[in-house]
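The structure appears right after this line, and notes come after that.
Where a number appears in this text, it was derived from the coordinates with a stated rule and is not lab data. If you're wondering where the values come from, they're calculated on a predicted model, not measured in any experiment. Quick reminder, even Gly has a Cβ in these numbers, built from the backbone with ideal geometry, and neighbours come from all protein chains shown.
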Amino acid sequence: MKVVYLDNNATTRIADEVREAMMPFLTELYGNPSSMHTFGGQVHRHIEVAREQVAALINAEPGEIIFTSCGTESDNTALMSALEFAPQKKHILTTRVEHPAVLNFCKAMYRKGYKITFLPVNKSGRLDLEDLKSSITDDTAVVSIMHANNESGVIFPLNEIADIVKSRGVVLHTDAVQTAGKLPLDVRKLPVDMMSFSGHKIHSPKGVGALYVKRGTRFSPYIIGGHQEGGRRAGTENVASIVGFGKACELAKKYLPDENTKVRALRDRLEQGLLKTCPDSRVNGDVESRLPNTSNISFEFVEGEAILLRLNEYNICASSGSACTSGSLEPSHVLRSMGVPFTMIHGSVRFSLSVNNTDEDIDLVLKIMPGVIKELRELSPYGREVKK
Amino acid sequence: MWEYTDKVRDLFLHPKNVGELEKPDSVGEVGSIVCGDALKLFLKVDKETNRITDATFQTFGCASAIASSSALTEIIKGKTLDEALKVTNQDIADFLGGLPREKMHCSVMGREALEAAVANYRGGKPREAEEGEIICQCYGITDQKIKHVIMENKLRTVEDVTNYTKAGGGCGGCVPEIEKILKEIWSEKIIEEGKPKKRLTNIQKISLIKEIIEKEIRPLLQSDGGDVELVDVDGNIVIVSLRGMCRECLMADVTAKNIEKKLKELVSEELVVEAE
């Protein structure tokens with residue numbers, strides 16, 4: 001049975017062109033880019049091509065890109081570096097809805113004596129910029145605010161955020177893992193100091209990421225060892241994945257317009273269709289300012305894991321903010337921060353699309369989903385509460 | 001992704017005994033929509049025999065909650081209320097071929113719904129419903145329930161308490177209190193277990209054996225139409241005489257062995273039981 005993959009904010013399919021670009025480095029071109037001999041040394045050139053491709057996606061200079069192992073490493077590296085250069089400052093400013101890569105890093109720093117401000121969001125998942133303004137103090141070492149949220153898809157106004165933070169002279173880091181390839185990004189116009197990216201969210205393999213560090217930003221490496229990446233990130237390069245990541249960025253640039261037309265149209269059709277055919281459902285998050293590929297919908301009176309496993313029978317892949325799917329019994333911190341009632345969080349399903357999705361995919365979900373919801377509601381003691 | 005057994009998957013995708021019973025003799029309801037799972041159990045009970053003639057359910061929850069509910073109804077159908085009450089949450093998990101540890105609370109919910117339904121039938125209140133002090137504010141779990149589940153499943157860690165009751169799984173604010181409860185229960189137990197058994201005098205030993213046979217073993221055998229009498233105690237050899245059905249029974253040896261097991265457990269490891 002064909003897989004209908006609607007979980008692209010979790011990870012994506014490796015593009016065929018990406019895999020092809022990688023193959024030589026998984027077969028004959030296995031040399032170490034640091035080697036003196038031609039056999040190894042020639043590999044280095046391909047890493048630099050990849051660096052140019054990644055830089056091009058966000059209009060950065062190649063020298064501003066450091067390859068890492070993942071988005072989490074990029075986030076940790078950026079924050080560590082910022083703290084290192086402001087040893088007398090003991091305050092970190094972030095939001096309640098960050099990815100665990102930032103959220104739990106901050107909690108770890110809290111245990112080491114830092115003060116952390118977690119900015120709240122409103123019902124639609126938006127930040128209050130006045131709140132941001134008033135929370136920056138002379139003690140603030142770094143501000144870390146994501147560009148778009150992985151669960152709700154809500155986009156934060158990065159331009160305005162950057163203006164506020166930079167007017168106070170504080171280092172600004174942004175986790176842009178979910179926006180790369182989905183929204184146009186131009187770091188020349190954005191006064192952001194550091195920005196994190198991940199390969200596997202844009203059709204390259206897992207295990208590779210990048211950190212953009214604006215020229216002139218003081219930087220201290222997180223992983224210490226050899227001289228790789230200009231001494232900014234030690235460890236023998238994951239050559240094949242870096243090459244793949246470069247190719248994926250090139251493709252992402254090419255397909256960027258499709259995200260806002262084709263993907264957005266599919267997402268909207270899916271969302272409108274589900275809201276119409278499944279009573280007592282509603283969209284979570286700001287529909288005005290949202291990633292074009294993401295739809296987070298709550299189906300009341302049913303539980304998310306049950307929905308996902310019923311969809312699984314049709315090879316439809318999505319995810320949920322329900323406690324039962326988190327592995328920790330804790331319902332989504334993002335939806336809770338948005339004040340979504342527990343009853344709605346338990347029944348939340350996130351669909352996240354990509355350029356690979358088709359009209360047939362959406363047709364299948366629209367055909368299957370109403371029955372799944374109806375059956376689970378019939379199983380539930382609260383089923384009768386559904387408005388007739 | 002949870003590692004569910006085929007049985008869990010099957011009972012989730014094709015649950016048995018779903019829906020409301022018309023004119024049920026009893027209803028047991030536990031959980032709430034806020035907690036993320038809830039189970040409503042409907043029973044038909046034969047008034048003469050106290051036997052459960054039909055059982056159905058409605059469940060709001062994840063795959064393992066639905067499968068556990070369905071398993072519960074399958075297990076208790078045909079049992080008397082007393083027999084049904086002997087079903088533990090582990091029995092429900094076993095019926096399903098096991099549950100992931102993080103999902104054991106689903107089996108506990110089944111057991112609770114059963115207690116609630118039986119209590120409802122008998123006109124009483126379920127054991128923990130209204131008692132105790134709420135420890136986990138997120139999921140509304142009382143200290144009574146936590147203690148009971150810890151004892152019944154011999155839980156040792158906060159993580160397990162969360163897996164079995166959900167307490168502590170929300171904001172985590174009550175984790176220190178759960179730790180305290182665990183400490184209270186197990187240090188009590190450890191003191192009990194750690195107490196060296198006093199060496200019994202012969203007279204004490206014989207009277208203890210006599211008491212156990214009278215109070216614990218005889219009633220059991222009598223209910224099966226048999227009986228037993230203590231004949232003599234010679235050092236560590238306990239000589240008994242089996243009577244009634246037990247005497248003719250081919251299982252006489254087994255019976256003697258069972259008596260021995262009980263006496264070893266309660267009096268002394270060194271005892272040997274011989275039937276006359």
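Values for this structure:
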item	result
Dipole of the stretch A:16-252, positive direction: furthest Cα of A:Ala162, A:Leu211, A:Ala148, with charges on the beta-carbon	A:Ala162
Cα gyration tensor shape of the protein assembly as shown, rounded if a/c is under 1.5, else prolate or oblate by comparing a/b with b/c	prolate
Vicinal HN-Hα couplings computed from phi for the stretch A:85-90 (Karplus, 6.51 cos²θ - 1.76 cosθ + 1.60; Hz; Gly/Pro x)	8, 10, x, 7, 9, 10
Antiparallel DSSP beta bridges within the protein assembly as shown, percent to nearest 5	70 percent
Of A:Arg19, A:Arg218, A:Arg336, the one that fluctuates the most in a GNM where chain A has Cα springs shorter than 10 Å	A:Arg218
GNM top mover of B:Gly28, B:Gly168, B:Gly19 - chain B, alpha-carbon springs below 10 Å	B:Gly19
Net dipole in debye of the stretch A:101-194 [+1 Lys, Arg Cβ; -1 Asp, Glu Cβ; about Cα centre; nearest 20]	220 debye
Nearest-ten-degree value, helix A:16-26 long axis tilted from longest Cα axis of chain A	40 degrees
Cβ-isolated cysteines (cut-off 4.7 Å), chain A	A:Cys70, A:Cys106, A:Cys249, A:Cys278, A:Cys317
The stretch B:1-128: C-alpha pair distances exceeding 17 Å, %	51 percent
Charge-dipole axis of the protein assembly as shown as Lys and Arg at +1 and Asp and Glu at -1 on Cβ define it, positive-most pick from B:Thr49, A:Val283, B:Leu85	A:Val283
Separation in nanometres of the label points that stand 7 Å from Cα toward Cβ, at B:Glu184 and A:Ser134	4.3 nm
Spin-label zone in the stretch A:127-149 - amide nitrogen under 14 Å from a point set 7 Å from the Cα of A:Asp163 along the C-beta vector	A:129-130, A:133
Net dipole in debye of the protein assembly as shown [+1 Lys, Arg Cβ; -1 Asp, Glu Cβ; about Cα centre; nearest 20]	1540 debye
Within the stretch B:256-276: backbone nitrogen closer than 17 Å to the B:Val231 label point (7 Å, Cα to C-beta)	B:256-260, B:272-276
5 angstrom amide H check on B:Ser26, placed H, neighbours 5+ away	B:Leu43
Cβ-derived FRET efficiency at R0 25 Å, A:Asn260 paired with A:Glu17, nearest 0.05	0.70
Spread of Cα-to-Cα distances over 10 Å intervals beginning at zero, given as percent, for the stretch A:204-321	10, 26, 25, 22, 14, 3
Over 13 Å [Cα-Cα, the stretch B:131-195], rounded percent	58 percent
Kirkwood-Stokes translational diffusion coefficient of the stretch A:236-388, alpha-carbon pairs, 10 °C, 1.306 mPa s, µm²/s	95 µm²/s
Two-decimal ratio, the stretch A:16-252, of alpha-carbon radius of gyration to 2.2 N^0.38 Å	1.02
Surface/4 estimate of mean projected area, convex hull on alpha-carbon atoms of the stretch A:194-243, nm²	3.8 nm²
Long-range HN-HN contacts of A:Ser198 with modeled amide H, under 5 Å	A:Ala210
Simple spin-label estimate for A:Lys115 and A:Lys374 in nanometres, 7 Å along Cα-Cβ	5.7 nm
Given charges at Cβ of Lys, Arg, Asp, Glu: the stretch A:39-82 dipole, positive-most of A:Pro62, A:Asn76, A:Phe39	A:Phe39
Sequence of B:Lys210, A:Lys374 once ranked by neighbouring C-beta atoms within 10 Å, starting from the fewest	B:Lys210, A:Lys374
Cross-link pairs beyond the 23 Å C-alpha cut-off, checked among A:Lys214/A:Lys253; A:Lys123/A:Lys253; B:Lys23/B:Lys77; B:Lys7/B:Lys103	A:Lys123/A:Lys253
Estimated FRET transfer efficiency (B:Gln137, A:Ser220; beta-carbon r; R0 41 Å; 0.05)	0.45
Neighbourhood net charge (9 Å Cβ-Cβ; Lys/Arg +1, Asp/Glu -1) for A:Leu57	0
Calculated FRET efficiency for the pair B:Asp94/A:Thr277, C-beta based, R₀ 56 Å, to 0.05	0.90
Separation in nanometres of the label points that stand 7 Å from Cα toward Cβ, at A:Asn122 and B:Thr5	5.1 nm
For the protein assembly as shown, calculated [θ]222 nm from helices alone, where every DSSP H run of n ≥ 4 adds -39500 (n - 2.57)	-13000 deg cm²/dmol
Stokes-Einstein D in µm²/s, Kirkwood radius over Cα pairs - chain B at 25 °C with 0.890 mPa s viscosity	114 µm²/s
